[in-house]
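The values are calculated or read from the model by the stated rules, or taken from the named source; none is laboratory data. None of these values were measured; they are calculated from a predicted model. When we count neighbours, we look across all protein chains shown, and the Cβ atoms used for this are built from the backbone with ideal geometry, even at glycine.
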Amino acid sequence: MTPPAQLSLLAAWIFLWLLQRNTGLKCVCPLCDGDVCETPADGACWNSVMLIDGREKTARSCLSPLEMKGQVFCHSSPSVSLRECCFSDFCNNQTLHLQPERPLGDPDRSNRLQLPLVIAVPSCLLCVALVLGGVFLVQSQRCLYFGAQKHDPEEALDDHMLMSADKCLKDLIYDMSTSGSGSGLPLLVQRTIARTIVLQESIGKGRFGEVWRGKWRGEDVAVKIFSSRDERSWFREAEIYQTIMLRHDNILGFIAADNKDNGSWTQLWLVSEYHEHGSLFDYLNRYTVSVESMMLLALSIASGLAHLHMEIIGTQGKPAIAHRDLKSKNVLVKKNGAAVIADLGLAVKHDSSSNSIDIPSNHRVGTKRYMAPEVLDETINANNFESFKRADIYSLGLVFWEVARRCSDRGLQEDFQLPYYDLVPSDPSIEDMKKVVCEQKLRPNIPNQWQCCEALRVAGKLMRECWYANPAARLTALRVKKTLSQLSSIRDVKD
Ligand code: ADP
Ligand code: MG
């Protein structure tokens, strides 16, 4: 072939390749309808083999450009997983193996080995199964009753160790907080977990997601399912939960995010720790609380919020985050009576080096009933990150009021009510709220009876200092946390 002919052939090939990149690819996908999937433009075909429970598990599917950004999909970790992304139709049509195939030995020798093998292999398998069964039993008991075994932070982590059969959720979460990036499990591990969850029952519905209880390796998990329409909210919430160093006892423990294409639509999952008491709203509707429980709830919510608001400087630091939708339905109650802050779908992060705020790309604003006066009348200074934190503190004051009303000290308790229940209709408009909160400057009632005991007196004072009309006058989350922990320790000493 002449050089000009070679050149034009090359150009045509490049043109065809580019055309294909812009129109998406067809890839092998054993879990899809007709065993074929189609990527969006600029996607890739994905081929992977991973060692799970000592066995090679292969996966082949389509990758969206978004998934390709997640570093895990197209990168391998030696001897544990092999992942390839390729860019032509059906280029993932081959079965990958982790170890190179072993050269065949001489036939005589293999014959000689056959008889002992027939006996040895099943007995070994039986032993391994027994040992694994034992380990699994011990492990699940240990996870349930004694907490997670500590993983040596010096030890390198890989996907294989993360997914080994004896790992329970606490171990996985502990591993990921002490090693790795400090921001969450590798994406492929997240996907593997999500795809082995069995959904059990629907437990809640919020603005975007329907929340389910699911089982993973016998443990309960919560799965928030978004429709593909709400992809941006799903992505945003997953992104916030994976903020470096966000993990905290009083912030909902994130486990995994996964987007699963079932052929006709995409299901978007957020997997988190499951809390059987459900939301603080449900809990307070059901139960009254003792002074101790009230203190524990209030202190844990304040601690979660203080951690969210705090900027930690350094390479493993964390940006300051404001929640923007704090309310009793977005707080969950743990088995031990402490609370965790959940639903971070509306949160904003502060980049202190550029003093910028990464406003999320969805249009959600907070819940009208809990909106601070400056949010209601739109006088909030959105260029100053402190403003968002101060608006959270206002909502925190309202949540404290909901808890304190249910405190059953000396027969005081009242029925559960939402803040402003007596002043606005059940689904108040911005105008309804503005009239009460900004114009009439009303706040929830703090009854005189709360003067009777120290905890309720302090709680009442804290609320007032959280819901001042002037945002700059409000307490910080750290101040609230310190006041409450001092009060708890004084009570402990007195007891
Ligand atoms: P949305 O963004 O749609 O408001 P949320 O994350 O607030 O969704 O969850 C909605 C409801 O589902 C909560 O109010 C709570 O009742 C329930 N829920 C959410 N996550 C959990 C969980 N991890 N454990 C138990 N219940 C949960
Ligand atoms: Mg919610």
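Where in region 254-347 are the strands (runs of 3 or more DSSP E), entirely inside, with at least 3 residues that are in contact with a Leu (Cβ under 7 Å, 6 or more places away or on another chain)?
It comes to 254-261, 331-333, 339-341.
Assuming residue 92 fulfils every condition listed in (1) modelled with pLDDT under 80; (2) in contact with a Ser or Thr (Cβ under 9 Å, 6 or more places away or on another chain) apart from one, which condition is it?
(1)
May I ask you to say which residue of 349, 318, 335 is within 16 Å of ligand 1 (Cβ to nearest atom) and of a type in the set (Lys, Arg)?
Being within 16 Å of ligand 1 (Cβ to nearest atom) and of a type in the set (Lys, Arg) holds for just one of 349, 318, 335, which is 335.
To keep it simple, each residue is scored yes or no on (1) within 21 Å of the chain's Cα centre (by Cα); (2) aliphatic (A, V, I, L, M).
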{"position": "315", "(1), (2)": "no, no"}
{"position": "359", "(1), (2)": "yes, yes"}
{"position": "372", "(1), (2)": "no, yes"}
{"position": "378", "(1), (2)": "no, no"}
{"position": "383", "(1), (2)": "no, no"}
{"position": "386", "(1), (2)": "no, no"}
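Please determine, by comparing only the residues of region 189-205 that are among the small types (Gly, Ala, Ser) and within 16 Å of ligand 2 (Cβ to nearest atom), which one is nearest to the chain's Cα centre (by Cα).
For region 189-205, the residue satisfying everything is 204.
Just checking, how many residues over region 192-234 are modelled with pLDDT under 90, more than 12 Å from ligand 1 (Cβ to nearest atom) and not small (Gly, Ala, Ser)?
So the count comes out to 8.
Just to be sure before I move on: is residue 244 away from ligand 2 (no atom under 16 Å from the Cβ), of a type outside the set (Lys, Arg), within 27 Å of residue 228 (Cβ to Cβ) and touching a residue at least 24 places away in the same chain (Cβ under 8 Å) in the structure I sent?
no
Of the residues 302, 339, 347, only one is of a type in the set (A, V, I, L, M, F, W, C) and away from ligand 2 (no atom under 16 Å from the Cβ); which?
On inspection, the qualifying residue turns out to be 302.
Tally time: how many residues in region 223-250 are part of a strand (DSSP E or B) and buried (at least 21 other Cβ atoms within 10 Å of the Cβ)?
3
Kindly indicate the residue of region 285-313 that is of a type in the set (Gly, Ala, Ser) and within 16 Å of ligand 1 (Cβ to nearest atom) and also farthest from the chain's Cα centre (by Cα) among those meeting that condition.
Among those residues, the one meeting the criterion is 300.
Restricting to region 404-436, give me the number of residues that are basic (Lys, Arg) and not in a helix (DSSP H, G or I).
1
In region 206-218, how many are surrounded by fewer than 16 Cβ atoms within 10 Å (Cβ to Cβ) and either within 16 Å of ligand 2 (Cβ to nearest atom) or assigned to a strand (DSSP E or B) (or both)?
Counting residues in region 206-218 that are surrounded by fewer than 16 Cβ atoms within 10 Å (Cβ to Cβ) and either within 16 Å of ligand 2 (Cβ to nearest atom) or assigned to a strand (DSSP E or B) (or both) gives 4.
Out of all the residues in region 462-474, is one or more surrounded by fewer than 19 Cβ atoms within 10 Å (Cβ to Cβ), within 18 Å of residue 407 (Cβ to Cβ) and at pLDDT 95 or above?
Yes.
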